[in-house]
Each structure stands twice: as structure tokens, then as C-alpha cells.
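J.: I have a structure here, written as C-alpha cells, and I will follow up with some questions on it.
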Amino acid sequence: MNRYRLFIYPKDVTIITGKGLRHAQKLLRDIHAALGKKEHQQVSIEDFAHYQGLDVEAVREACMGRTTKDR
């Protein structure tokens with residue numbers, strides 16, 4: 001079982017930011033464009049944390065808390 005994920009998803013962003021799903025999707029699209037990622041590439045947790053100015057471990061813990069809670 002994988003203890004952590006590499007990529008962040010819109011649902012994770014909604015939990016971290018407290019904003020809605022559409023806002024989270026737009027934010028991830030904006031990060032994707034700002035980082036110059038290709039269409040098939042995803043935004044990593046580290047990419048999101050650096051872009052938002054957040055601690056990587058805090059973001060990872062927030063994502064894992066959602067994963068554990070939803071199971």
C-alpha cells in the first residue's frame with residue numbers, strides 16, 4: 001500500500017483552500033500552465049505547495065488525511 005501520492009487532485013485542493021471544486025480545477029489549470037507542463041503531465045503535491053507558498057509536508061498531510069478519512 002502506497003503511504004503517499006505524488007499528485008494532487010481537485011478534491012485535495014478544495015480541502016486545503018476551502019474553496020469549491022470549480023475554483024480548485026481552475027487553480028490546478030493555472031498552476032499547470034504557469035509551470036509549462038505538457039498536457040499529459042500532472043501537477044505534483046510539491047508543485048502545488050511551492051506555487052501556493054505552503055509547506056510541502058503540510059500539504060501532503062492534508063492530502064493523506066483526506067485519503068484515510070474517505071476510505
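Where a number appears in this text, it was derived from the coordinates with a stated rule and is not lab data. Please read these numbers as outputs of a predicted model, since none were measured by experiment. So basically every Cβ, Gly included, is an ideal-geometry build from the backbone, and we count neighbours across all protein chains shown.
J.: What residues have an amide H closer than 5 Å to that of Phe7, excluding those fewer than 5 places away on the same chain, when H is modeled at 1.01 Å from N in the peptide plane?
T.: Ile45
J.: If you take the charge dipole of the stretch 10-70 about its Cα centre, with +1 on Lys and Arg Cβ and -1 on Asp and Glu Cβ, which of Leu35, Phe48, Thr14 is farthest toward its positive end?
T.: Result: Thr14, furthest along the dipole toward the positive end.
J.: Also, quick follow-up: Based on Cβ point charges of +1 for Lys and Arg and -1 for Asp and Glu, what charge dipole magnitude is obtained for the chain about its Cα centre, in debye rounded to the nearest 20?
T.: Numbers: 13 positive and 9 negative charges, 68 e Å.
Value, rounded to 20: 320 debye.
J.: Using helices alone, I'd like the mean residue ellipticity at 222 nm for the chain: each DSSP H run of four-plus residues gives -39500 (n - 2.57), total over residue count, nearest 500.
T.: Dividing the helical sum by the residues of the chain leaves -19500 deg cm²/dmol.
J.: Report the calculated FRET efficiency for Glu57 and Asp30 (r = Cβ-Cβ distance, R0 = 22 Å), to the nearest 0.05. Display every interim value, and only then the final one.
T.: Numbers: r = 23 Å, r/R0 = 1.06.
The value I calculate is 0.40.
J.: Return the tail of the calculated pair distribution for the chain, meaning the percent of Cα-Cα pairs more than 14 Å apart.
T.: Tail of P(r) above 14 Å: 57 percent of Cα pairs.
J.: Turning to a different aspect of this structure: If each residue's Cβ is checked for other Cβ atoms within 10 Å, how do Leu27, Leu6 rank with the fewest at the top? The partial results should precede the final answer.
T.: Details: Leu27 20, Leu6 12.
Least crowded to most crowded, the residues run Leu6, Leu27.
J.: Please report how many Lys pairs in the chain have alpha carbons closer than 22 angstrom, counting only residues at least 8 apart along the chain or sitting on separate chains.
T.: Qualifying lysine pairs in the chain: 8.
J.: Below 8 Å between Cα atoms, with a sequence gap of 6+, how large is the relative contact order for the stretch 10-70 in percent?
T.: Relative CO of the stretch 10-70 lands at 30 percent.
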